[in-house]
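The structure appears below as structure tokens.
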Amino acid sequence: MANDSRNGLRVLVIEDQHDIAANIWDFLERRGHAVDHCGDGVSGLARAMGGGFDVIVLDLGLPRLDGLDLCRQLRAAGHGVPVLMLTARDTLDDKLRGFGEGADDYMVKPFAMRELEARIRAVHRRVQPASDTLELGRLSYDPATMLATREGRKVPLTRLQGSILATLLRDAPKVTSHQRLLQVAWGDDGGDIAALHTQVYELRVLIDRPFAQAMIRSVRGIGYRLVELP
Ligand code: CA
């Protein structure tokens, strides 16, 4: 176990079933991980937003705010922390939706604790480096500080600008659709294409205008994408 504790991860478990949460907690702590727990979606989201976790284990069915909404809001705020979704067998469709909301992997209950730990380590490895900073060439964005950096110049962003840029960085070099950006930035609360264009315009003023070449490109009628400059 000594070897494991050296590589211990900080894991947030958001699960309302106390027996499952307790089992996960016990197992992971014995394996050298540092575990924190929330029993409902609202407190789980608040804890997750505070950052400081390597992986979040997130139950789909939660009181007050369900796992999908929690995950979407976390991503909308620009948090790239890996999320492993737990789902019951009778909600397999939701599990697939989970990927659309930004979950990195899922497990169907009941599962073996060893398997859970292996998946936690796998999703964590996949998002290395451990920093949440997103990069494309000489452009980067750190959701924790809401600072973008292009060619050494630091630019503070608003929450909306940050969530849009984080999504473009994650999707690059692929095109990000208008719809996806609307969902990421405004969730179900609305936001329309005009508002999105305004946000992207402001983002361009900050990220592109001071430089010789634009990185944010419009794909007419579809969305936007970031291009890496030579
Ligand atoms: Ca549940």
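The values are calculated or read from the model by the stated rules, or taken from the named source; none is laboratory data. These figures come from a predicted structure and were not determined experimentally. Methodologically, a virtual Cβ is constructed for each residue, glycine included, from the backbone with ideal geometry; neighbour enumeration extends over all protein chains shown. Accessible surface is based on the protein model in full, side chains and every heavy atom, while ligands, DNA and RNA are left aside. Shrake-Rupley method; radii C 1.70, N 1.55, O 1.52, S 1.80 Å.
Take every DSSP beta bridge whose two residues both sit in the chain, then give the antiparallel share in percent to the nearest 5.
50
Averaged over every viewing direction, what's the projected area of the C-alpha convex hull for region 74-230? Give it in nm², one decimal, please.
Details: hull surface 41.2 nm².
Mean projected area of the Cα convex hull: 10.3 nm².
Near Ala122, within a Cβ-to-Cβ distance under 11 Å, what is the net charge of the other residues, with Lys and Arg +1 and Asp and Glu -1?
Value of the local net charge: 0.
Over region 5-126, with the other protein chains present, what is the accessible area per residue in square angstrom, probe 1.4 angstrom?
Numbers: 5410 Å² over 122 residues.
Per-residue value: 44 Å².
Can you give the extra length, in nm with one decimal, that the chain gains between Ala212 and Glu115 once fully stretched, where that is 0.36 nm per residue apart less the Cα-Cα distance?
Going from the current span to full extension adds 30.0 nm.
Computing the accessible area with a 1.4 Å probe over protein heavy atoms, can you report the carbon and sulfur percentage for region 1-119?
Numbers: 2590 of 5360 Å².
Accessible surface attributable to carbon and sulfur in region 1-119 totals 48 percent.
Using alpha-carbon pairs under 8 Å, 6+ residues apart, how would you state the relative contact order of region 5-126 in percent?
Answer for region 5-126 is 22 percent.
Relative to the first principal axis of the alpha-carbon coordinates of the chain, what is the inclination of helix 113-126, with its axis defined by its Cα atoms, in degrees from 0 to 90 and to the nearest 10?
The angle comes out near 20 degrees.
Which whole-number percentage describes the relative contact order of the chain, with Cα contacts under 8 Å and a sequence gap of 6 or more? All intermediate terms of the calculation are to be shown ahead of the outcome.
Details: 381 pairs, mean separation 31.1, N = 230.
Rounded, it is 14 percent for the chain.
Using the alpha-carbon centroid of each, what span in Å lies between region 23-55 and region 186-230?
Measuring centre to centre over Cα atoms gives 35 Å.
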